[in-house]
Amino acid sequence: MHTAFTPTGKTNDVLVIGGGAAGMMAALFAAQEGARVTLVEKNEKLGKKIYITGKGRCNVTNRCDVDTFLQNVPRNPRFLYSALRLMNPDDLLALLAAYGCETKVERGRRAFPVSDKASDVTKALEKALRQSGVRVQLNTCVKGLVKDENGICAVETDKGTWHCKAVIVCTGGVSYPSTGSTGDGYQFAEKMGLKVTERKPSLVGLLTKEAWPMQLQGLTLKNICLTGTCCGKIIYSEQGEMLFTHFGVSGPLVIELSSHLPDKGETAFFLDLKPGLSSEQLDARLQREIKAAGKKQLNSILQTLLPQRMAPVFAAVCQLDGTKVCSQVTGKERSLIAQTLKKLPLTVKGTRPIAEAIVTRGGVDVKGIAPGTMAAKNIPGLYFAGEVVDVDAHTGGYNLQIAFSTGALAGQSAARFIKDRNE
């Protein structure tokens, strides 16, 4: 059970708003520095978004070195140096293990709880909070921040005004609003005079200009290569799997591509459906199979190369009649099939709504936050951490690590700020 805390209790040193990954870590590190900490969460439990990450398994981090980590942060990576220096992926895994959550590393250096249960991550962090004396107040909504001539001095909640010496805003973004991420932190920041950059969806499904993907709704392609381009430059290229949907495309490759979308310019991408074969090898194979097929339809040959449902759609994309007898397929048509198998084009029309995105792109402008402490540069005692800040990364555990690391730095910094002020 968490210790209840009321507005009439002792003045807090540090008040943390938001009980997600960043908030729990901020509260923990502030308490370990000796601060009296209260963690305020609007939901009925902590870590609500953690429960749904990694399809309920929780990909807590990516076990790589800092340089590799930052290569997977497309926007504002240098801002994270101090946070990652305080808590790198190995530090996080050691902390979780110390509080009962052992982890394992899988393909792509992705770390998960050994149990494959996201709840074990939250349980470990809750145990750490209890043992460190953090007071947790659930079902409490923060309405605004209060400052005086010395900086932050209180927060207004639906249960009264609570006094404090420092506030850490860890309210998340606006993706998955059902978890409590409804953009509160952006409003707090703007009212305090900080700039908030435009919020966009990242790690999300993509709408396509072409309609044919919708005909293949529910079909997954595995072991293909997806290459994204914009303004003639390759912005992404990886091998893996993707999914056709009622709106266009999704799946791991597409979701990853979405984090690379530039702010300007049209993004196109193409699929290499046979990355293990060259165009010449494919053409030679098609020549043999078409010759041997005789009076069979072209679709029958395409079904040996593609999922059955995709064969007639693919023929139509090539502007060919899939019912055409193979003996009538010309060399030019055969060459077109081979080329399209290696480079099937699609064009991005847009993204799915931000509420469906795994993370929010944009947020509190990093120019207004000191990277060495996560403190707001213009408001003493105000700190930001996690997804509310304008830093996001690729899939693979990077975003949760950013939340944990920035939370740790904000918590430690807020507690030290209070110590210095008291001396």
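Scan the stretch 312-328 for residues that are assigned to a helix (DSSP H, G or I) and more than 16 Å from Pro345 (Cα to Cα) and the total you get is 4. Output yes when any residue across the stretch 284-296 is crowded, with 21+ Cβ neighbours inside 10 Å, touching a helix residue (DSSP H, G or I) at 6+ places or on another chain (Cβ under 9 Å) and more than 20 Å from Glu333 (Cβ to Cβ), and no when none is. Taking every residue of the stretch 284-296 in turn, none turns out to be crowded, with 21+ Cβ neighbours inside 10 Å, touching a helix residue (DSSP H, G or I) at 6+ places or on another chain (Cβ under 9 Å) and more than 20 Å from Glu333 (Cβ to Cβ). Whether any residue in the stretch 347-359 is crowded, with 24+ Cβ neighbours inside 10 Å and either in contact (Cβ under 8 Å) with a residue 12 or more places away in the chain or closer than 20 Å to Met24 by Cα (or both) is what I want to check. The answer is yes; a qualifying residue exists. Is there a residue being at negative phi and free of Cβ contacts under 8 Å to residues at least 24 places away in the same chain anywhere in the stretch 78-91? For the stretch 78-91, residues at negative phi and free of Cβ contacts under 8 Å to residues at least 24 places away in the same chain: present.
Considering only residues that are surrounded by fewer than 16 Cβ atoms within 10 Å (Cβ to Cβ) and either free of Cβ contacts under 8 Å to residues at least 40 places away in the same chain or over 40 Å from the mean Cα position of the chain (by Cα) (or both), which ones fall in the stretch 301-314? Matches in the stretch 301-314: Thr304, Gln308.
Condition check ((1) of a type in the set (Ser, Thr, Tyr); (2) touching a Ser or Thr at 6+ places or on another chain (Cβ under 9 Å)) across all residues:
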| residue | (1), (2) |
| --- | --- |
| Leu70 | no, no |
| Arg78 | no, no |
| Val105 | no, no |
| Val114 | no, yes |
| Thr122 | yes, no |
| Ser132 | yes, no |
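Scanning the stretch 28-39 for any residue that is closer than 16 Å to Gln401 by Cα, assigned by TED's automatic domain parsing to the domain that holds Val134 and either out of contact with any strand residue (DSSP E or B) (no Cβ under 8 Å at 6 or more places or on another chain) or surrounded by fewer than 21 Cβ atoms within 10 Å (Cβ to Cβ) (or both) turns up at least one such residue.
Rundown of residues vs (1) assigned to a loop (DSSP other than H, G, I, E, B); (2) under 16 Å from Leu194 (Cα atoms); (3) in contact with a His (Cβ under 8 Å, 6 or more places away or on another chain), yes/no style:
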site: Ala355; (1), (2), (3): no, no, no
site: Lys367; (1), (2), (3): no, yes, no
site: Ile379; (1), (2), (3): yes, yes, no
site: Ala393; (1), (2), (3): yes, no, no
site: Leu400; (1), (2), (3): no, no, no
site: Ser405; (1), (2), (3): no, no, no
site: Ala408; (1), (2), (3): no, no, no
site: Ser413; (1), (2), (3): no, no, no
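Applying the criterion of being touching an Asp or Glu at 6+ places or on another chain (Cβ under 8 Å) and modelled with pLDDT of 90 or more to the residues of the stretch 181-202, the residue that is surrounded by the fewest Cβ atoms within 10 Å (Cβ to Cβ) is Lys195. For the stretch 44-73, the candidate set comprises residues that are surrounded by fewer than 20 Cβ atoms within 10 Å (Cβ to Cβ) and charged (D, E, K, R); within that set, the residue that is nearest to the chain's Cα centre (by Cα) is Lys55.
Scan the stretch 315-334 and give yes if some residue there is surrounded by 21 or more Cβ atoms within 10 Å (Cβ to Cβ), under 30 Å from Ala30 (Cα atoms) and either at pLDDT 90 or above or among the basic types (Lys, Arg) (or both), otherwise no. No - not one qualifying residue is present in the stretch 315-334.
Here is a yes/no grid of residues against (1) free of Cβ contacts under 8 Å to residues at least 12 places away in the same chain; (2) outside any strand (DSSP E or B):
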| site | (1), (2) |
| --- | --- |
| Gly108 | no, yes |
| Asp116 | no, yes |
| Val121 | no, yes |
| Val136 | no, no |
| Asn139 | no, yes |
| Leu145 | no, no |
| Ala154 | yes, no |
| Ala189 | no, yes |
| Pro201 | no, no |
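Scanning the stretch 75-114 for residues that are over 26 Å from Glu126 (Cβ atoms), of a type outside the set (S, T, N, Q) and in contact with a strand residue (DSSP E or B) (Cβ under 9 Å, 6 or more places away or on another chain) yields Arg75, Phe79, Gly108, Arg109.
One residue is enough: does the stretch 59-70 have a residue meeting the conditions out of contact with any Pro (no Cβ under 7 Å at 6 or more places or on another chain) and either closer than 19 Å to Thr122 by Cα or among the small types (Gly, Ala, Ser) (or both)? Yes; the residues of the stretch 59-70 include at least one that is out of contact with any Pro (no Cβ under 7 Å at 6 or more places or on another chain) and either closer than 19 Å to Thr122 by Cα or among the small types (Gly, Ala, Ser) (or both).
Tallying residues that are under 20 Å from Leu96 (Cα atoms) and more than 24 Å from the chain's Cα centre (by Cα) within the stretch 10-43 yields 4. Against the test of being among the aliphatic types (A, V, I, L, M), under 18 Å from Thr395 (Cβ atoms), within 18 Å of the chain's Cα centre (by Cα) and modelled with pLDDT of 95 or more, the options Leu253, Leu261 yield a single qualifying residue, Leu253.
The values are calculated or read from the model by the stated rules, or taken from the named source; none is laboratory data. Fair warning: this is a prediction, and the values are worked out from it, not measured in the lab. Don't worry about glycine lacking a Cβ; one is built from the backbone with ideal geometry, like all the others, and counts go over all protein chains shown.
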